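Scroll down for the structure; my scribbles are underneath it.
The values are calculated or read from the model by the stated rules, or taken from the named source; none is laboratory data. All figures in this text were calculated on a predicted structure; none of them were measured in a lab. Here Cβ is always computed from backbone atoms with ideal geometry, including for glycine, and neighbour counts include all displayed protein chains.
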Amino acid sequence: MRTILTGKGGTRILPLVFLLLLGLLPAGCSREEKARKEEFPPEKVTEREKPEFGEENERYLSHVVLEKLDGTSVKISDYQGKLLFVTFWSSWHKESLKMIPIMNELHRKFHRNVVVLGVAVDKDGAASVKKALKDQPVNFEVFINGYKIVNQFGGAGTMPTSYVLLRDGRLVWRINGLRAKDKYSEIILSLYRRHL
């Protein structure tokens, strides 16, 4: 062991090995990325889509209050009687912005029986959300300050993260990350048929 730790003339090479290993470590995250990871810790589940939580699930979110762009508030219970498709997104995230046309299409397709809600997690409130939506008109309801309520749903380790709630406000489905438009429609139709 002594020959591994010393070089010619007895000089120690352990510090050199340590410095070399230290240089191979990743540089780390920016402050902004680190703050986002702390704010929205990743879920323990690693798959992109979590199936139904189950009929016995007792996570009811009827009490959760959502804040609209104009500053007024509504409760999840205000939508009781319809399935809810709730997507947490952000104006600074490219994949989230790709979700907007999908939510428009889902609202157009299912508006009679399903309410589509977009909840922005941006910390600066309405300003960045309005800017992001300036060139992308929306036909679904948009809410702000989602960072305050996202953990009540189960977190958003990946943006965008969508949830489906039954008519009674019970959480039954989560979709992590951006998926094909047809996948969202498939999930909504399946839940709607089973929970008429």
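Among the residues of this structure, residue 174 counts as one that is outside any helix (DSSP H, G or I), under 17 Å from the mean Cα position of the chain (by Cα) and not hydroxyl-bearing (Ser, Thr, Tyr).
When the strands (runs of 3 or more DSSP E) confined to region 53-156 are screened for residues that are closer than 19 Å to residue 167 by Cβ and of a type outside the set (D, E, K, R), those reaching at least 3 such residues are found at 83-89, 114-120. When the residues of region 155-174 are filtered to those that are crowded, with 16+ Cβ neighbours inside 10 Å and out of contact with any Phe, Trp or Tyr (no Cβ under 7 Å at 6 or more places or on another chain), which remaining residue is farthest from residue 124 (Cα to Cα)? My answer is 166.
Scanning region 98-131 for residues that are of a type in the set (Gly, Ala, Ser) and touching a strand residue (DSSP E or B) at 6+ places or on another chain (Cβ under 7 Å), we see that the one that is modelled with the lowest pLDDT is 125.
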